[in-house]
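Here's the structure, in structure tokens; my notes come after.
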Amino acid sequence: MLSEIENIFARLGFYSLLLGLVVGIGILIPTIGISPIWMISAFVIGFVFLISSYGIFRLQISSTESREDILWCILLSPIVLYIPLNLILMYVGLVQQPRLQDFGAYYNGAVRFLNGAPLYQTTQEIPSIQAEISGDMPYLYPPIFILLFVPFTVLPATAAGLVWDILVLVFLVWSVSKLVSTFTVNITDSSRVLLYLSVISFAPTITWIKAGQVSGLLTGLLCLSGAALRTKRDGQSGMLTTLGSAIKPFYATSGAHLLRSRKRLFSSLWTGLFVLLFGLLIFGLESHVEYLNILIGGKGWESTTLEPNKWNAGHFNPFFLLGSLKHLPRIILVFITIGLALHSNESKIPIEYIFALGVAIVPIAGPTTNTLALSTAIPAIVMVGFYEMENDGDFPKLLIVSALLIHIHPYTIEFVSKFGPRIYPEIERITPIIPLLQPALYGMALLIGYIISQSWENASGVSLVGWIRRGF
């Protein structure tokens, strides 16, 4: 079976490279008018098929241990190759260059703070201050966190954004390494490198890098919270969880594990109180009232719902088809999480599952409709995957499938809604079903479903999947 797949992939790779060569010759003839994207696409597809064919060949001739390593490489290669793919698509103009627009809003807010201007106005509303980027975007977080961006104002906005991205990316990888280090598992250096490359190349990571967003910082804080939880440092775990939720309130579901421990819960409450009082001391009441008004207004979340043919790589709208009922599954999911967290005090549900579930539902239960929050899948997958690897000796492949589905989401949506119809107009016919073609919808459902299933099995000793099968 594997031998047949190897031969098929080898042939497809050869034919794709041959097609790319023919198209390349056609590009040299101006009268034909062939776009270079076809040649690049053919070569990329050809190399992917050939690499896959070689990987399957190595898989057949290798020992059992080596086969496992090769299988992991094959599974994770789409994630690792995402950065080169991005560079190619940006080069040919199919994907926008990084604009650092969100970091620009933070940077401009810091400049306004230093100049004594209103924090929650846009810079373009203040004639005395000029903005390099994002002058029309407001700052939307609590006043105290603007201090985080003040040091970056010594640099020009774009350079500061690049430094921000690098620092946050290093912090995220370090945080993942700290979480992994809490598990007693044998993991080779090459596997560690592959894991960290996968984190860096993960599509939601690339999304926040392009925007200069804080999502990577919040994901890192959640990883550190998980590491503190694993090492019984409950106070630190509660504090780190709250810092993320203080910046983005809809991350509050990540605190499901707080319901399992009074120490974590009280640490969380004290951290929130300290952030509020420290902010009031520095910024006063007026700025906090302005921020409260922004929260009441919903920060613009879901204020305008774009039709699917207007979506791009940054859109993730899991409940679009439910219309006005879209909040119902969110509420149900939150109550399921709370119920499991409270029930876990009297059951055998490992705290790792409760932590992972609270973190995993952030992008589903929250009101945002973008891919930024999908970064929380990283601590959820790492926590559950390595916990089961520590206890059962194997990392669940279903979690990798979940990660791959989340990973391919941005450009799948971008293709079917934007540049796909430009290349082949017939693709527009599938516009009505684009909400059903969201890979991250199924990736997150698989991740959350797996965590709930494992929690149920640990609590009752009954496999949820087997129970459902018997019911039917």
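The values are calculated or read from the model by the stated rules, or taken from the named source; none is laboratory data. Not measured: the values here are computed from a predicted model. Backbone-built Cβ (ideal geometry, glycine too); neighbour counts: all protein chains shown.
What the table shows:
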{"quantity": "Top-ranked residue in segment 281-318 [being small (Gly, Ala, Ser), under 25 Å from the mean Cα position of the chain (by Cα) and not in a loop (DSSP other than H, G, I, E, B); ranked as modelled with the lowest pLDDT]", "calculated": "Gly300"}
{"quantity": "The listed residue being modelled with pLDDT of 85 or more, under 19 Å from Phe319 (Cα atoms) and within 23 Å of the chain's Cα centre (by Cα), out of Ile400, Ile406", "calculated": "Ile406"}
{"quantity": "Out of Leu259, Leu218, Leu224, sole residue that is in the same structural domain as Ala440 (by TED's automatic domain parsing), in contact with a Ser or Thr (Cβ under 8 Å, 6 or more places away or on another chain), over 30 Å from Asn312 (Cβ atoms) and of a type in the set (A, V, I, L, M, F, W, C)", "calculated": "Leu224"}
{"quantity": "Unmet criterion (only one of (1) of a type outside the set (Asp, Glu); (2) within 23 Å of Thr231 (Cα to Cα); (3) in a helix (DSSP H, G or I)) for Val416", "calculated": "(2)"}
{"quantity": "Of residues in segment 108-158 being touching a helix residue (DSSP H, G or I) at 6+ places or on another chain (Cβ under 8 Å) and charged (D, E, K, R), the one modelled with the lowest pLDDT", "calculated": "Glu132"}
{"quantity": "Positions within segment 428-472 being at pLDDT below 85 and surrounded by 19 or more Cβ atoms within 10 Å (Cβ to Cβ), in sequence order", "calculated": "Trp456"}
{"quantity": "Hits in segment 176-190 - residues which are part of a helix (DSSP H, G or I) and more than 21 Å from the chain's Cα centre (by Cα)", "calculated": "Asp189, Ser190"}
{"quantity": "Whichever residue in segment 89-107 is of a type in the set (A, V, I, L, M, F, W, C), crowded, with 17+ Cβ neighbours inside 10 Å and at pLDDT below 90 and, among such residues, is nearest to Leu148 (Cα to Cα)", "calculated": "Leu100"}
{"quantity": "The listed residue being assigned to a helix (DSSP H, G or I), over 27 Å from Leu273 (Cα atoms), in the same structural domain as Gly244 (by TED's automatic domain parsing) and not charged (D, E, K, R), out of Val111, Val170", "calculated": "Val170"}
{"quantity": "Yes/no for Ser190 being touching a residue at least 40 places away in the same chain (Cβ under 8 Å), surrounded by fewer than 21 Cβ atoms within 10 Å (Cβ to Cβ), farther than 17 Å from Ala360 by Cα and not charged (D, E, K, R)", "calculated": "yes"}
{"quantity": "Matching residues, segment 266-288, being surrounded by 17 or more Cβ atoms within 10 Å (Cβ to Cβ) and within 20 Å of Met239 (Cα to Cα)", "calculated": "Ser267, Ser268, Thr271, Val275, Gly279"}
{"quantity": "Number of the condition not met by Gln213 [criteria: (1) closer than 17 Å to Glu352 by Cα; (2) not in a helix (DSSP H, G or I)]", "calculated": "(1)"}
{"quantity": "Some residue of segment 418-427 being at pLDDT 80 or above and of a type in the set (A, V, I, L, M, F, W, C)", "calculated": "no"}
{"quantity": "Residue tally, condition more than 23 Å from Ser191 (Cβ to Cβ), crowded, with 24+ Cβ neighbours inside 10 Å and among the polar types (S, T, N, Q), over segment 350-375", "calculated": "1"}
